[in-house]
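The values are calculated or read from the model by the stated rules, or taken from the named source; none is laboratory data. Nothing here was measured: the structure is a model prediction, and the numbers come from that model. Please note: Cβ atoms are built from the backbone with ideal geometry, for glycine as well, and neighbour counts cover all protein chains shown.
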There are 2 protein chains.
Amino acid sequence: MEEPRKRARPGRTPAPTGRTSRPRQAEVARLAGVSQATVSLVLGGRKQGATISEETRQKVLDAVRSLGYVPDPAASRLAAARNNLLGVFSFTSTFPTDVQHSYYPFLVGVEQEAAARGYDLVLFTGSSTGGAGAAGPHALNRVRLADGCLFLGRHAPADELRRLVADGFPVVHLGRRDELEGLAWVGADYVSAGKEVVAHLAGLGHRRIVLVREDDEAPASTDREHGFLKGLEEAGLPGGPAAVFRSADPEHDLTAERLRGWLDDGVTAFVAEETDTGDAWRALHNAAHFVGIDCPRDASLALLGSPPPDLSDGPMPTGFDIPRPQLGAAAVRMLAALVAGEQATEPLVACAFRPGTTAGAPPAHH
Amino acid sequence: MEEPRKRARPGRTPAPTGRTSRPRQAEVARLAGVSQATVSLVLGGRKQGATISEETRQKVLDAVRSLGYVPDPAASRLAAARNNLLGVFSFTSTFPTDVQHSYYPFLVGVEQEAAARGYDLVLFTGSSTGGAGAAGPHALNRVRLADGCLFLGRHAPADELRRLVADGFPVVHLGRRDELEGLAWVGADYVSAGKEVVAHLAGLGHRRIVLVREDDEAPASTDREHGFLKGLEEAGLPGGPAAVFRSADPEHDLTAERLRGWLDDGVTAFVAEETDTGDAWRALHNAAHFVGIDCPRDASLALLGSPPPDLSDGPMPTGFDIPRPQLGAAAVRMLAALVAGEQATEPLVACAFRPGTTAGAPPAHH
DNA sequence: GCGCATTACTAATACGCATTAACGATCCGG
DNA sequence: CCGGATCGTTAATGCGTATTAGTAATGCGC
């Protein structure tokens, strides 16, 4: 006839000293003369089914106030099976020394939207080796700590991402990313925005428009061209290869001569895409200046994005702004939806048209 | 002879659906053919007393990798360990729309140092603008999820902070904060930096130097003045109230007349403090310009900090730079020390002297 | 080949809270 | 006055991990 429990009590040692730790629900319960469960129910806000008498509720709340009780978030999150944490992972440093290349504008929206939804943010850095030696090819697994994760930049390794997605871990990529089946993403609607700019120019009376773009296969570039061509088509203007000037080194290739040629051909408006370097716009800007174009009198210019910092003093270019904060917010919205088990939300975010001062009516034709 | 347990099993419902959730230690254990405790031991780093054979350790690590296991921070926290998470809490938005007012420069250092030490960062979005009422009086308690927390800005409510400190939660405040007993902080060593600037001017031959400061009791201001006066004293130069010009509205009070008066009295160098607004420096700058001073030929100027953005195009002021990234890094170092139960590290961070071009030898005296 | 120390691992908690089946009490209709 | 419904509360359990007492296996000296 053996005792079912002979062992001395294992487990963790109780508080080493009598130091006053913060109060627990159990202590509140004792003071209020109720059970711990009742305390939890009172504090947990009114849920369905649970009914608490007003008298009890007050006793509990009084005890809570008197003890200065605050819930332990770790315990709550353990019990609730979620932790209200959204991950933000960027392969490069999230806060590089050079502010220009940072994700700051996105983070503005990410933080706001996350806060509005009651989420906190966990920042993972790709470059860091990370806690328990989880470096190497499995570094991305660290993000599983959060309820879901946002990826910034185009360097996140595809196979790791695929693994996360396959495991049902909520992931959202900031920037279009079609090649990865099942990966949720949000991106700017460059097609519509490009179309809109062309429509604006066409509305001003321009009949021949040329796009200057860099030699790049990034979705952001091809989308802009796509929108540009679509805009021409819808306006009944000539499209085709002649309407697009593509160069790996526009600053060198976009000569004054070439620009004069276009002007002679009846081209009255030029559109450049925005890129990291801003080379397309800079080349167009310089060539126009060199030829002595008075913009927008002699010709109109438009920029599909924002000017690079070194050209931001000049006149505000007609075009559109990439809504980076809104993109960040949209990404959080989608991530929150995925975490909640809902459908992904709308991935495309509209770009705001920017009237600017570099586009006007084409010069009168004699 | 009654069964000790008749009740049906209460408690929480099991996983509602068969959706793949994150792997647990138990699953790793099953895959590796060991017990959950062994997994915990292997992952917990080698502690005293626990010995694991290399073979078992490898089996476990393989299973961990193969399943993509990462520990649940809430659970490890609850089990009274650490979770390699450091909190970052700012009363205002961490990423304000206006980059100028952001904590970005600090975050650069915080991220680097945290990454280097294997910590990830939790950004508590607590007090951000759009917060859906989540910012109760106990909002600060959320930070307890992390191993420790960094506080940015001077708006963190004192009583809440005190509560955290009293409970033994590791907290570091970025910026001097003496009035709160027991609060650890890191701050720039404005006293030494101010002294150094004065020493530099004295070394150039200046004998009468005046400090222009705003009417502000912030530690950053009083420290600068303290250092300034100390510098005068060590150089054997006249200090006292006459050496400090204090004004709530320097742009209005620092007239050309007053400046001329100083010059006539033999003052050859002027020092201004940096503040949010940069008013002291701006006033000094404008007055000097108005009087027609050729700096540094006619008089020397120095700035205890960096110029405001609108004056950043001018000549680089002699003075010092506030080492914001280093401050962030130092804060993380101290926080890590506190988390590890060690003593707080050195709170003061040296400011880098900036030679600049606005200080030179005083004009020859005839 | 018997104690005893060491090694390698496991069983059994405990952490603080949320959840839920169950239970006593009261109320109600017939 | 009895079966059922409703209300208010509680006991019991689980979340995932860290910790520690205990144990089986092995090595060692005499």
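Restricting attention to region B:104-147, the residues being modelled with pLDDT of 60 or more and among the hydroxyl-bearing types (Ser, Thr, Tyr) number 3. Scanning region A:298-334 for residues that are more than 20 Å from A:SER102 (Cα to Cα) and within 14 Å of chain B (Cβ to nearest Cβ) yields a total of 2. Within the option set A:GLY360, A:GLY328, being touching a residue at least 60 places away in the same chain (Cβ under 8 Å) and either over 14 Å from the mean Cα position of the chain (by Cα) or outside any helix (DSSP H, G or I) (or both) holds for one residue only, A:GLY360. Of all the residues in region A:281-304, those that are touching a residue at least 60 places away in the same chain (Cβ under 8 Å) and in contact with a Phe, Trp or Tyr (Cβ under 9 Å, 6 or more places away or on another chain) number 5.
Considering (1) part of a loop (DSSP other than H, G, I, E, B); (2) under 21 Å from A:GLY231 (Cβ atoms), the lone condition that A:GLN343 does not fulfil carries the number (2). A:SER40 meets the conditions (1) of a type in the set (S, T, N, Q); (2) at pLDDT 90 or above; (3) more than 9 Å from DNA strand C (Cβ to nearest atom) in every case but one. The failed one is (3).
Of all positions in region B:55-73, at least one carries a residue that is buried (at least 19 other Cβ atoms within 10 Å of the Cβ), at pLDDT below 85 and not charged (D, E, K, R).
When A:SER76 is tested against (1) at pLDDT 90 or above; (2) buried (at least 16 other Cβ atoms within 10 Å of the Cβ), exactly one condition is not met: (1). On the stretch given as region A:72-86, residues that are assigned to a strand (DSSP E or B) and more than 8 Å from every other protein chain (Cβ to nearest Cβ) total 1.
Scanning region B:20-29 for residues that are modelled with pLDDT of 90 or more and over 17 Å from B:ILE52 (Cα atoms) turns up B:PRO23, B:ARG24, B:ALA26, B:GLU27. Scanning region A:230-257 for residues that are under 15 Å from A:PHE270 (Cα atoms), surrounded by 13 or more Cβ atoms within 10 Å (Cβ to Cβ) and free of Cβ contacts under 8 Å to residues at least 12 places away in the same chain gives a single hit, A:GLY239. Checked across region B:268-276, the condition of being assigned to a helix (DSSP H, G or I) and not β-branched (Val, Ile, Thr) holds for no residue.
Only one of the numbered conditions (1) closer than 30 Å to B:ARG82 by Cβ; (2) buried (at least 16 other Cβ atoms within 10 Å of the Cβ) is not met by B:GLY227, and that is (1). Residue count for region A:224-279 satisfying the condition of being in contact with a His (Cβ under 7 Å, 6 or more places away or on another chain) and over 19 Å from A:ILE293 (Cα atoms): 0. Within region B:341-357, the presence of at least one residue that is touching a strand residue (DSSP E or B) at 6+ places or on another chain (Cβ under 8 Å), surrounded by 19 or more Cβ atoms within 10 Å (Cβ to Cβ), within 25 Å of B:SER90 (Cα to Cα) and among the hydrophobic types (A, V, I, L, M, F, W, C) is confirmed. Taking region A:300-317 as the range and being out of contact with any Pro (no Cβ under 6 Å at 6 or more places or on another chain) and in a strand (DSSP E or B) as the test, the residues that pass are A:SER300, A:LEU301, A:ALA302, A:LEU304.
Could you tell me which residue of region A:101-116 is farthest from the other protein chains (Cβ to nearest Cβ), considering only residues that are crowded, with 21+ Cβ neighbours inside 10 Å and over 23 Å from A:THR275 (Cα atoms)? So the residue we want is A:GLU113. For region A:59-94, a residue qualifies if it is within 13 Å of DNA strand C (Cβ to nearest atom), closer than 21 Å to B:ALA75 by Cα and hydrophobic (A, V, I, L, M, F, W, C), and the qualifying residues are A:VAL70, A:ALA74, A:ALA75, A:LEU78, A:ALA79, A:ALA80, A:ALA81. Between B:THR97, B:THR51, which is out of contact with any strand residue (DSSP E or B) (no Cβ under 8 Å at 6 or more places or on another chain), within 10 Å of chain A (Cβ to nearest Cβ) and modelled with pLDDT under 85? The unique qualifying residue is B:THR97. Residues of region A:157-182 that are within 24 Å of A:ASN83 (Cα to Cα) and either crowded, with 19+ Cβ neighbours inside 10 Å or in contact (Cβ under 8 Å) with a residue 60 or more places away in the chain (or both): A:LEU161, A:LEU164, A:PHE169, A:PRO170, A:VAL171, A:VAL172, A:HIS173, A:LEU174.
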